[in-house]
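This report refers to the structure that appears directly beneath it.
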Amino acid sequence: MTHLTVLTNPTAGHAAAQAAEAAIEHLRARGLTVTHHAASSASESHALAQEAARTGARGIVAAGGDGLVSIALQAVASTPIALGVIPIGTGNDCARILDIPLGDPVAAAEVIATGNIRVIDAGRIQYDGTTTWFATVVASGFDSLVNDRANRMRWPRGRRRYDIAMALEAAKLRPLPFRIELDDQVIETDVTLVAVGNGASYGGGMRICPGAVLDDGLLDVTVIAAGGRLRLLRLSPTVYKGTHVDLPEVSTFRSRRVRLSAADITAYADGDPVAPLPLDIEVVPGALSVFA
C-alpha cells in the first residue's frame, strides 16, 4: 500500500474542507494509506511537509490552492517523493500545467490513485543563501506590483481584490528598468513585466509563457516592453490565449539560467512572494516527480 501525506488548509472555508474530505475518502477507498494534516498556518504546513518527506511518505499531496502546492513542492523537489495536487483554490495553475481536473476533487484524487508518475523539471531560485523551488512561473514587474498591492488590501476578498489592485497599479503605470542576464546575452531595457516560466500559466490561467515545456531543460522568458495603459489594455485579453507573444512589444527567450535585476521589485513564484530582485533562477532537469 502506498503511504500518502495530505496537507489541507482548515481556514480555506467549508466548501474547500468538503472537497478535501471527498478526495481523501476516495484515496482511502482505493486502498491507499493516507495521513491527513490540517495545518493552521503556512509555517506549520511547511514543517509538516518537511517531516513527511523525512519519514518516508511515498507522496505528499496538497489539497488546496497554489500556495499550499508551493509548500509541498519545497519538501519534495530533488527527491523521489511524488507531488500530488488536489486543486481547491482560485488560481490552480500547477494543476493546469499537469492537466489535473479542476472543480472535481474526486477526479483529481483518482489521478493520484492510479499511481502514474511523471518526472518534470523544476525551477530553482537562489538569493541571499536561500533556495526556493517553483513549478510554474516567476513574475516580476507590473504583475508583482499588483500582487504587492493586493496583499496589502484587506477588502474585498477573492478575485475582486486582485482586479481592483490591477486597476490601481495600471493608473500609475511606469517604465521599469530591468537587467536580464541569460545564457548567451544580457538585456538592459525598460519593461512592463518579465516572466520566467517552467510552466506556461500563472494568475489563474494566463498563458504568459505559452511555449514552456515541463521537461525540456529550459526556462521560457517573456519580456513585455514598457508602454502605456492603452497598450496594456490591448495586451491583457491576449495573455489568456497565449497570443500576446505575437505582438511587437513582446519578446521571448529560452535559457537554462536567468538573473533578474531591478530596483524596488519583488519576485513572485507560483503566486507567492519570494524576495526582492536581484535573484538567480535556473532550471533543474528532472527535479520533480508528480502524480499526473
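So here's what we get for this one:
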{"item": "Selection within the range 135-158 - loosely packed, with under 13 Cβ neighbours inside 10 Å and either within 23 Å of V69 (Cα to Cα) or in contact with a strand residue (DSSP E or B) (Cβ under 7 Å, 6 or more places away or on another chain) (or both)", "result": "R152, R157, G158"}
{"item": "Count of residues meeting criterion [within 21 Å of D272 (Cα to Cα) and aliphatic (A, V, I, L, M)] in the range 1-44", "result": "7"}
{"item": "Strands (runs of 3 or more DSSP E) wholly inside the range 215-292 containing at least 2 residues that are of a type in the set (K, R) and on the phi < 0 side of the Ramachandran plot", "result": "257-261"}
{"item": "Residue that is of a type outside the set (F, W, Y), in contact with a Gly (Cβ under 8 Å, 6 or more places away or on another chain), surrounded by fewer than 16 Cβ atoms within 10 Å (Cβ to Cβ) and over 22 Å from L232 (Cβ atoms), where the choices are D215, D183", "result": "D215"}
{"item": "Residues being buried (at least 16 other Cβ atoms within 10 Å of the Cβ), at pLDDT 95 or above and under 30 Å from L288 (Cβ atoms) - total across the range 160-180", "result": "2"}
{"item": "When residues of the range 65-78 are limited to those that are of a type outside the set (A, V, I, L, M, F, W, C) and at pLDDT 95 or above, the one nearest to the chain's Cα centre (by Cα)", "result": "S70"}
{"item": "Single residue of R118, R157, R161 found to be under 20 Å from P273 (Cα atoms) and either of a type in the set (V, I, T) or not in a helix (DSSP H, G or I) (or both)", "result": "R157"}
{"item": "Odd one out for H3 among (1) touching a Lys or Arg at 6+ places or on another chain (Cβ under 8 Å); (2) modelled with pLDDT of 95 or more; (3) not hydrophobic (A, V, I, L, M, F, W, C)", "result": "(2)"}
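The values are calculated or read from the model by the stated rules, or taken from the named source; none is laboratory data. Predicted, not measured: the structure shown is a model, and the values here were computed from it. Using ideal geometry, Cβ is built from the backbone for each residue, glycine included, and neighbour counts are taken over all protein chains shown.
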